[in-house]
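K.L.:
I have a structure here, written as structure tokens, and I will follow up with some questions on it.
Any read-out appearing in this document is the output of simple, stated calculations on the displayed coordinates, not a laboratory observation. Computed from a predicted model, the values in this text were never measured in an experiment. Here the Cβ positions follow ideal geometry from the backbone for every residue, glycine too, while neighbour counts run over all protein chains shown.
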Protein chains: 2
Amino acid sequence: MGRRSDHSRDELLSLALDAAEKIVAEEGINALTARRVSKEIGYSVGTIYNLFENLDDLSLHVKARTLDALYAHIKGVPKGEDVESDFMALNKAYFDFLKANPNTWGSILDREGADGQPLPDWYLEKVALPFSVVQAALMPLFGAGEEEQAGFAARTLWCGVHGIAVLGMENSLEAVGSRDAENMAEYLILNFLGGLRRV
Amino acid sequence: MGRRSDHSRDELLSLALDAAEKIVAEEGINALTARRVSKEIGYSVGTIYNLFENLDDLSLHVKARTLDALYAHIKGVPKGEDVESDFMALNKAYFDFLKANPNTWGSILDREGADGQPLPDWYLEKVALPFSVVQAALMPLFGAGEEEQAGFAARTLWCGVHGIAVLGMENSLEAVGSRDAENMAEYLILNFLGGLRRV
DNA sequence: ACCTGAACACCGTTCAAGT
DNA sequence: ACCTGAACACCGTTCAAGT
């Protein structure tokens, strides 16, 4: 036994997260186990617990990577004058991302505190970033100084889109009578924007 | 060992589902295990597999009970002339139900086919019932013969509300900057209805 | 015909023991 | 200081053996 020093702590973290990300991408979140990751990187189980608090912590870091990738993917979406078209572009970028990462997505925003623990701050900040993109796209419908209201609208709208996306990417939208989640999301967005414009 | 005939098959099903429902209500879906249920009803693990295909099947039956209860809870909500107030009442009934059954709710509409299996028909029918209530409440905004379009709108809107509810009932709406899921749902509904009226 | 429980192949997590 | 792997207390699922 004993130290190996084959890898620095940072390298080990990278190795473990790469392996975990791959497992989730290929086989879904349920295939992610500490033992499996340890085997994949050629270290013992104990080492995983040296790197992460527990399995929840490990999976939180995998999700954080996905949030980073999502933010990178949507923040560059070009914007024009027309709020409606901007949102359609945003919606498309969002669904493109989900389709490219169906397993990795899934339960990103879902329950974390299986143990009732609140989510750590560094994670909450990552969750907030994609919402800030939506908020920015919504600002043309709000006056200067109404950022807070726009933020509320952004969270409302995108939680709704997320609900549709989650039910759509998993198979249960069939349960609900449609397989076209992306169209439903567009319909939700357009009517929501219509309602905002109506005032 | 051998048969005991203490209970008929139907009684056994009832006992098992009652026990399972209680476990989920008190400790969440993750506490539901075949061994635990068997212990609770005083039979061996094997008997659980005599009653249900597997743990997924058991949990699907628990969720089905929850859907029955939800439908019973919202189908009697009184309706007036005003679509907006009808929907506020519906929204309140929905959230009252979720608050009363936080653990039991959770992942009702979520991923079933962990194994990739499609959901069974008897379950899909139970999922559809609550949506039919929403569709009915939406009909004043649609012409006669537009049932299908109203159905699409109902699924869109309520998937959105569900998304907000799921993120709100679990703790992750804090991740999103608000703890008032019910208000967000109302805001989503009112603007969506506003958009529909705008045509 | 039903019910049991040992058996198999897994888990998450800990921690004494090694280098 | 790091890494190991046996140990503990669990899992889901199966199926020969009992009544």
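K.L.:
Arrange the peptides A:189-197, B:132-140, B:26-34, A:154-162 so that the one whose residues have, on average, the most other Cβ atoms within 10 Å appears first.
P.N.:
With the highest mean Cβ count within 10 Å placed first, the list reads A:154-162, A:189-197, B:132-140, B:26-34.
K.L.:
May I pose another question? What would the Debye formula give as log10 I(q)/I(0) at q = 0.12 Å⁻¹ for the alpha-carbon point model of chain B, no solvent?
P.N.:
-0.69
K.L.:
Right, here's the next one. Quick one: net charge of A:H73's neighbours, Cβ under 14 Å, K/R +1, D/E -1?
P.N.:
+3
K.L.:
Nearest 0.05, what FRET efficiency do B:A100 and A:D6 give at R0 = 45 Å with Cβ-Cβ as r?
P.N.:
Using R0 = 45 Å, I get an efficiency of 0.25.
K.L.:
Another question about this same structure. Local charge sum around B:L193 (other residues, Cβ-Cβ under 12 Å, Lys/Arg +1, Asp/Glu -1)?
P.N.:
That sum, taken over residues with Cβ under 12 Å, equals -1.
K.L.:
Further question: Largest first, please: the extent of the C-alpha atoms of the protein assembly as shown along each principal axis, to the nearest Å.
P.N.:
Rounded to whole Å, the extents work out to 67, 63, 30 Å.
K.L.:
Compute the semi-axes of the equivalent ellipsoid of the range A:25-139, taking the square root of 5 times each eigenvalue of the Cα gyration tensor, and list them largest first in whole Å.
P.N.:
33, 15, 11
K.L.:
Still on this structure, I have one more. Can you return the lysines within cross-link range of B:K99? Criterion is Cα-Cα under 20 Å, with same-chain partners fewer than 8 residues away left out.
P.N.:
B:K22, B:K63, B:K75
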